[in-house]
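Chemist: Dropping a structure here in structure tokens format, bear with me for questions.
The values are calculated or read from the model by the stated rules, or taken from the named source; none is laboratory data. Note that this is a predicted model, so its numbers are computed, not measured. Neighbour counts are summed over all protein chains in view; Cβ atoms, including those assigned to glycine, are modelled from backbone coordinates with ideal geometry. For accessibility, only protein heavy atoms count, side chains too; no ligands or nucleic acids. Shrake-Rupley method; radii C 1.70, N 1.55, O 1.52, S 1.80 Å.
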Amino acid sequence: MQDMLKGKANLLPYDAICTFVFPDYMAFARFMYDPASKALTGDHDNFMVEEEMKMMVGDEFMVIEDGKLV
């Protein structure tokens with residue numbers, strides 16, 4: 001990336017980014033508190049430094065009219 005932007009890329013200091021998509025906030029909350037969701041974090045302690053972990057939660061709104069994205 002730096003070579004394409006001639007060394008001016010403002011890169012974020014992350015080793016990895018994971019994206020989870022939920023239909024609404026309540027589905028996200030249920031996932032976070034569901035004991036079964038821990039199956040995704042089996043090796044969490046092997047590579048994560050929780051003190052350095054960052055989380056961002058956002059909403060995406062789409063307007064659909066007559067079956068088409070507006």
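Chemist: Relative to the Cα centre, what is the charge dipole magnitude of the stretch 1-60, using +1 at the beta carbon of each Lys and Arg, -1 at the beta carbon of each Asp and Glu, and rounding to the nearest 20 debye?
Modeler: Values: 5 positive and 11 negative charges, 44 e Å.
So the dipole magnitude of the stretch 1-60 works out to roughly 220 debye.
Chemist: Separate question: Considering the dipole of the chain built from charges on the beta carbon (Lys and Arg +1, Asp and Glu -1) around the Cα centre, which of Gly42, Ala9, Ile64 is farthest to its positive end?
Modeler: So the residue we want is Ala9.
Chemist: Same structure again: Considering the chain as a Gaussian network with a 10 Å cut-off on Cα pairs, which listed residue, Ala16, Ala29, Ala39, attains the greatest mean-square fluctuation?
Modeler: Ala16
Chemist: Provide the solvent-accessible area of Ile17, counting protein heavy atoms only and rolling a 1.4 Å probe, rounded to the nearest 10 Å².
Modeler: Roll a 1.4 Å probe over it and Ile17 shows about 130 Å².
Chemist: Would you kindly find the accessible area of Thr19, with a 1.4 Å probe and non-protein molecules such as ligands, DNA and RNA excluded, rounding to the nearest 10 Å²?
Modeler: Counting only protein heavy atoms, the figure is 110 Å².
Chemist: Calculate, for the chain, the solvent-accessible area per residue in square angstrom, rolling a 1.4 angstrom probe over the heavy atoms of the protein chains.
Modeler: Working: 7400 Å² over 70 residues.
Accessible area per residue: 106 Å².
Chemist: To continue, here is another question. Net charge near Phe28, counting Lys/Arg +1 and Asp/Glu -1 over other residues with Cβ under 14 Å of its Cβ?
Modeler: Around Phe28, the charge tally is -3.
Chemist: Sort Phe28, Phe20 by accessible area with a 1.4 Å probe, largest first.
Modeler: Values: Phe28 40, Phe20 120 Å².
My answer, sorted largest first, is Phe20, Phe28.
Chemist: Moving to a separate point now. Using a ≥ b ≥ c from the Cα gyration tensor of the chain (square roots of the eigenvalues), is it rounded, prolate or oblate, where a/c under 1.5 gives rounded and otherwise the larger of a/b and b/c decides, a/b for prolate?
Modeler: Because a/c hits 1.5 or more and a/b fails to exceed b/c, the chain counts as oblate.
Chemist: Need one value: the accessible area of Met4 in square angstrom, 1.4 angstrom probe, rounded to the nearest 10.
Modeler: Roll a 1.4 Å probe over it and Met4 shows about 140 Å².
Chemist: Going from most exposed to least, what order do Lys54, Lys38 have by accessible area with a 1.4 Å probe?
Modeler: Lys54, Lys38
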